[in-house]
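Only one structure is covered here, and it is reproduced in the block below.
Please treat every number below as a calculation from the coordinates, not as lab data. In this text the structure is predicted, and so the values were computed from the model without any measurement. Cβ sites come from the backbone with ideal geometry, for glycine too, and all protein chains shown count toward neighbours.
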Amino acid sequence: MTLIVGWKSDGGIIVGADGAATIGSIVEPTRKLRVSNDIIIGTAGLESIGQLYASRVHDLWADQPVPPLAEAQRDLADALFDDTSQIYARAAALRAATGADYQPIADALIALTIEGTPELLHYGPRGLVLAASDDLPFAAIGSGAQVATPFMAHLRDLFGRDKPLTIQQAAWAVVWTLRHVIRLGTSGVDDPIQLTGVGTAAAIELGEPVIQNFEQAVVEAESLLAAHIATMPYGLPDDPPESS
């Protein structure tokens, strides 16, 4: 089970992930984000496909500059679709031969700099590559995405309605989203949280002290909200009107 979330801010991209890997009934800590050649990639789904995606993205632009955004989206979609279409064909043959319910699905979030602008790309099972925008600056993949996506939309409406979040705010929003889904305990995601970022030059891993700072900021924000709700001067009338 996995949750990987990304947010495009006015100063870069933040990508975070939970750290639980489920192998049968065993849960082990793992690192789900790869940082290489100033590209961040996180995958959700079948791990072998995720490894293939990471290798393909690394090879695609290892020896040449990343092209403009639209061309990069096409190149990435073509490269990953070539791989996944072969995997899907093998899976279909396996299902036909054995009757096994085998669905080799994997999504990917990729953060990198294109022509000096940090971009967040989402490759999904339909073979399309979508780029984050001002209107939709975030993305989530994995088993926790159905819980994470509306929460991130709520944070965007609260804090990024009129202008993009700063990169610090984006990191806070990513950590808050991960912590929210982990606490609910309904999607199989768990600690430890991993956090990465890419700006106009380099992609980096953000260490545990940085994560702890944003975790504390989440606690403080929730405490302030709880205090406000507890003392707000609004309420129902003392004698509500009788229903007719």
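Points worth noting:
- D75-D38 pseudo-label distance in nm [points 7 Å out on the Cα-to-Cβ vector]: 1.4
- Cα centroids of segment 119-143 and segment 33-77: 13 Å apart.
- Tail fraction, Cα-Cα pairs, segment 142-202, threshold 16 Å, whole percent: 49
- The long axis of helix 145-159 is offset from the longest Cα principal axis of the chain by roughly 50 degrees.
- Remark on I114: its backbone amide H falls under 5 Å from those of E119, a criterion applied only to residues 5 or more positions apart or on other chains, H modelled at 1.01 Å from N.
- Rounded to the nearest 10 degrees, the inclination of helix 69-98 to the longest alpha-carbon principal axis of the chain is 80 degrees.
- Calculated FRET efficiency, A21 to L236, Cβ-Cβ distance, R0 = 51 Å: about 0.60 to the nearest 0.05.
- Segment 1-23-segment 146-221 distance, computed between alpha-carbon centres (Å): 8
- Rounded to the nearest 20 debye, the dipole magnitude of segment 127-244 is 380 debye, with +1 charges on Lys and Arg beta carbons, -1 on Asp and Glu beta carbons, and the Cα centre as origin.
- All C-alpha pair distances within segment 131-244, sorted into 5 Å bins from zero, spread as 2, 9, 16, 19, 19, 13, 6, 5, 4, 3, 1, 1, 0, 0 percent across the bins.
- Considering segment 20-81 at the alpha-carbon level, its Rg and Dmax are found to be 13.9, 44 Å.
- Between R126 and A62, the modelled label-to-label distance comes to 3.2 nm, taking each label 7 Å out from Cα in the direction of the beta carbon.
- Angle between the chain longest axis and helix 167-184 axis [Cα atoms, degrees, rounded to 10]: 80
- Note that the chain, at 20 °C in a medium of 1.002 mPa s, gets a Stokes-Einstein diffusion coefficient of 111 µm²/s from its Kirkwood radius over C-alpha pairs.
- Just checking the listed ones, D38, D107, D82: in the Gaussian network model of the chain with Cα springs under 10 Å, the one fluctuating most is D82.
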